[in-house]
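Inspection log for the structure reproduced underneath, given as structure tokens.
The values are calculated or read from the model by the stated rules, or taken from the named source; none is laboratory data. The structure displayed is predicted, hence computed values, not measured ones. No Cβ is skipped: glycine too gets one built from the backbone with ideal geometry, and neighbour counts run over all protein chains shown. For accessibility, only protein heavy atoms count, side chains too; no ligands or nucleic acids. Shrake-Rupley method; radii C 1.70, N 1.55, O 1.52, S 1.80 Å.
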Amino acid sequence: LLILFLRIYLNSYLNIPLHFDEAQYWSWSKDPEWGYFSKPPMLAWIISVSNYFCGNTEACIRVSMPILYYMSTIFIFFSTKIVTQNSLLSAFAAVIFNLIPGITFSSFVATTDVPLIFFSSGFTFLFLTIYKKKDPSYFDFFILSTFFSLGFLSKYAMAYFFISILITTVFFEDIRKKFLNIKGLLFLLVFFIFISPHLYWNFENGFVTFNHTAQNANIQSINLNLREPLIFVLSQFIVFGLYPFFLILKKIFLYKQLNKENKVLLIFFLTPIIIITILSLFSRANANWAAVGFPFGIIFLANIINDSEEKFKKYYIFFSQFLLSLVIVILILLGQNNIKLDPFSKQRHARDLALHVIQGLQNIENVAFMADDREDYAIMLFYIKSYKVKKAKWNGDIKIDDHYELTTNVNNLKGYNLLFLTRTAPTEVMISRSSSQKLIKELSFSYSRKVKKYNLYLLSDWN
């Protein structure tokens, strides 16, 4: 509870401008759907609910994130209790989960990882409940599938758990007996019922979300880049925690000596990491892509230090996690006044940029707004939301490359004078569609050692 209230307070106190992805999720939340261009709909739904009760501010967009992590903590506590039968160790696991560096950082940002980890934590608790029960009920499998489905509607990474279930059914007879029957079919049936509206939305929109996910994986081009897998694995030390991840890697080499319970936990934790490491041989891989398995990793850690010979390691785990999380919070606090230390430096200019755009909107008659970059367009949707002018994102080709190209059309701006935000200049097609073009303002914003440059143009009489 202390960590929860501290995170909510810091989110409000720091008043960090939105990242363009957060602004995009907010804009999605204003139009609830069963899917969006690049992500499933859960985060947009959550933001819509929090904005309804809290308001349309940065802090309100993010307020659900620490709350979801708090509820995840409850699942981690009871999941660990199922495995260890030790309340003190379960409380320890819950604290360590909260101090995972990646979770500490993401509690300040509205991302799809947060609902994913919440539902994966619930899935972990329900899976371990089924695993421990001699004869789990149909209701147990129904609830397990519900959490799995809602996790999938948060982020497709939830599918790694399905692969983990397949692996464990092959190697462990008791899991095989519980899932390879009518109850396992119920699990699949409930899943397909839950996601069918999302599948239908994708069908209606050319399967854009699935195509975007496949493009991120870049499975068409194999270049066997060994650098990316190495960077991804090393990044897990930072995202999950230096000493905890080191302890887990050590246990991999002692896999045969682990009991069956620990083997199952380890498989669920490692499967996403192994799959993404393989994918990173021919694609980029972000450090957070394996976060779905974190709950299983924390419970595995708690279980191995339940052994009397390992108990002293819990102090190393706690202090290493605490120090890493403390460093992250200190950097965020110092970053307000020191751009070189600021992890949010790339988005600090958002409000200033919006002020210039608002000034342009106020000074132009019969005005509409257009931008040619998804990031800039999303940010402006939030920061100029009080100006009820027509808006659209420019699409320079026939392809649909983002949500705004899917849902807006510059042809709807005909007859207006466009305030055009760009990092370059109007194209020949834009020039041909307007009676005159005028550069209103050149803007530049420094962050770290880089500079972002923007241009504001007036495109008169758009046709």
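Positive contributions from Lys and Arg (+1) and negative ones from Asp and Glu (-1), summed over other residues with Cβ under 12 Å from the Cβ of Ser50, come out at 0.
The lysines whose alpha-carbon is closer than 16 Å to the alpha-carbon of Lys346, local same-chain residues fewer than 8 away aside, are Lys450, Lys452, Lys453. For the chain, hydrophobic long helices are taken as DSSP H runs at least 24 Å long by C-alpha position along their axis with mean Kyte-Doolittle hydropathy of 0.5 or more; these are 64-84, 113-132, 182-204, 260-279, 313-335. Taking the Cα centre of the chain as reference, the dipole from Cβ charges on Lys and Arg (+1) and Asp and Glu (-1) amounts to some 760 debye.
In this structure the amide hydrogen of Asn306, modeled in the peptide plane, comes within under 5 Å of no amide hydrogen from residues 5 or more places off or on another chain.
The apolar share of the surface of the chain, taken as the fraction of accessible area on carbon and sulfur atoms (1.4 Å probe, ligands and nucleic acids excluded), comes to 63 percent. Put simply, the amide H of Lys441, placed in the peptide plane, has neighbours under 5 Å in Leu456, leaving out anything fewer than 5 places away on its chain.
Amide H contacts of Tyr447 (H built 1.01 Å from N, in plane; Pro and chain starts excluded): Lys452 sit under 5 Å, all sequence-distant by 5 or more or on other chains.
Compared with the direct C-alpha span, the chain from Asp135 to Lys30 gains 33.4 nm at full extension, assuming 0.36 nm per residue. Evaluate Rg over Rh across the stretch 10-111, taking Cα atoms for both radii and Kirkwood's formula for Rh. Reported Rg/Rh (Cα atoms, Kirkwood Rh): 1.06.
For the chain, adding -39500 (n - 2.57) for each run of n ≥ 4 DSSP H residues and dividing by the number of residues yields -19000 deg cm²/dmol at 222 nm. Solvent exposure of the chain, expressed per residue, is 46 Å² of accessible area, with all protein chains present and a 1.4 angstrom probe.
Considering every alpha-carbon pair of the stretch 1-55, the percent of pairs per 10 Å bin, from zero through the bin containing the longest distance, is 22, 44, 29, 5. Given the pairs Lys39/Lys393; Lys134/Lys155; Lys155/Lys340; Lys177/Lys263; Lys178/Lys260; Lys81/Lys263, which span a C-alpha to C-alpha distance of over 22 angstrom in this model? Cα-Cα > 22 Å for Lys134/Lys155; Lys155/Lys340; rest within. Between the residues Ile298, Tyr69, Pro197, the greatest Cα displacement towards the positive end of the dipole of the chain, with unit charges on the Cβ of Lys, Arg, Asp and Glu, is found for Ile298. Packing around the peptides 324-335, 259-270, taken as the average count of other Cβ atoms within 10 Å per residue, puts them in this order, highest first: 259-270, 324-335. The Rg/Rh ratio of the chain, with Rg taken over Cα atoms and Rh as the Kirkwood radius over Cα pairs, comes to 1.01. Within a straight-line Cα-Cα reach of under 21 Å, Lys391 can be paired with the following lysines, leaving aside sequence neighbours fewer than 8 residues apart in one chain: Lys30, Lys399, Lys414, Lys438, Lys441. Sorted on the mean count of surrounding Cβ atoms within 10 Å across their residues, most packed first, peptides 372-378, 39-45 read 39-45, 372-378.
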